[in-house]
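Inspection log for the structure reproduced underneath, given as structure tokens.
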Amino acid sequence: MRIGELAERAGTSTRTLRYYESRGLLSARRAVNGYREYDEDDLRLVREIRGLLDFGFGLEETRPFVECLRAGHDAGDACPASLEVYRRKLVELDACIARLQDVRDRLRHQLAVADSAHAAPEPRCELASHPGD
């Protein structure tokens with residue numbers, strides 16, 4: 001298949017596919033007329049990359065999964081290097097979640113302080129309460 005068809009079937013753009021190729025994640029074969037040619041394995045690689053990017057992985061983090069598929073494995077996460085990327089990503093996410101929980105707790109506390117400060121009655125001005133004096 002040509003690059004336009006691969007892009008359409010993978011749900012991406014030809015520009016993105018060229019970028020993956022420039023990064024060494026996708027390899028195009030060239031027809032005698034110079035057009036890039038791809039096959040179903042390439043579609044599988046692009047879908048793997050796109051799925052990992054949707055999870056929040058960086059493009060370089062997809063490389064072990066792509067290499068695992070290229071090595072003939074049924075799944076991109078069948079190789080030790082891919083599993084290590086999963087482990088690193090989980091540690092990263094756990095740290096991010098902990099930071100967000102801390103921010104949430106501080107915000108909750110600040111809101112409680114602000115609510116209690118604004119819930120106190122306004123002080124009365126004694127001069128204004130005795131207009132006839």
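Need the failing condition index for VAL32 against (1) hydrophobic (A, V, I, L, M, F, W, C); (2) surrounded by 15 or more Cβ atoms within 10 Å (Cβ to Cβ); (3) out of contact with any helix residue (DSSP H, G or I) (no Cβ under 6 Å at 6 or more places or on another chain); (4) under 21 Å from MET1 (Cβ atoms), just the number.
Here VAL32 clears every test but (2).
Which numbered condition trips up LEU6, out of (1) in contact with a Leu (Cβ under 8 Å, 6 or more places away or on another chain); (2) closer than 23 Å to VAL85 by Cβ?
Unmet for LEU6, out of (1) in contact with a Leu (Cβ under 8 Å, 6 or more places away or on another chain); (2) closer than 23 Å to VAL85 by Cβ: (2).
Can you spot a residue in the stretch 82-90 that is closer than 17 Å to GLY24 by Cβ, touching a residue at least 12 places away in the same chain (Cβ under 8 Å) and open to solvent by 40 Å² or more (accessible area, probe 1.4 Å)?
no
LEU100 - would you say it is free of Cβ contacts under 8 Å to residues at least 12 places away in the same chain, closer than 30 Å to PHE57 by Cβ and open to solvent by 70 Å² or more (accessible area, probe 1.4 Å)?
Answer is yes for this residue.
Consider only pairs whose beta carbons are under 6 Å apart and that are at least six residues apart or on different chains; among these, list those whose first residue lies in the stretch 42-55 and is touching a residue at least 12 places away in the same chain (Cβ under 8 Å) and whose second residue is open to solvent by 50 Å² or more (accessible area, probe 1.4 Å).
That search, which allows pairs on different chains as well, returns LEU43/ARG9.
Determine, yes or no, whether GLU21 is exposed (fewer than 13 other Cβ atoms within 10 Å of the Cβ), part of a helix (DSSP H, G or I) and more than 19 Å from the chain's Cα centre (by Cα).
no
Of all residues in the stretch 35-69, how many are open to solvent by 80 Å² or more (accessible area, probe 1.4 Å) and under 21 Å from THR14 (Cα atoms)?
Going through the stretch 35-69 one residue at a time, the tally reaches 8.
Yes or no, residue by residue, for (1) modelled with pLDDT of 95 or more; (2) not in a loop (DSSP other than H, G, I, E, B):
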residue	(1), (2)
THR16	yes, yes
GLY34	no, no
LEU52	yes, yes
GLU67	yes, yes
ALA75	yes, no
TYR86	yes, yes
ASP94	yes, yes
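The values are calculated or read from the model by the stated rules, or taken from the named source; none is laboratory data. Remember, it's a predicted structure, so these values are computed and weren't measured experimentally. So basically every Cβ, Gly included, is an ideal-geometry build from the backbone, and we count neighbours across all protein chains shown. Quick note on the areas: whole protein, heavy atoms, side chains included, nothing else; ligands and nucleic acids left out. Shrake-Rupley method; radii C 1.70, N 1.55, O 1.52, S 1.80 Å.
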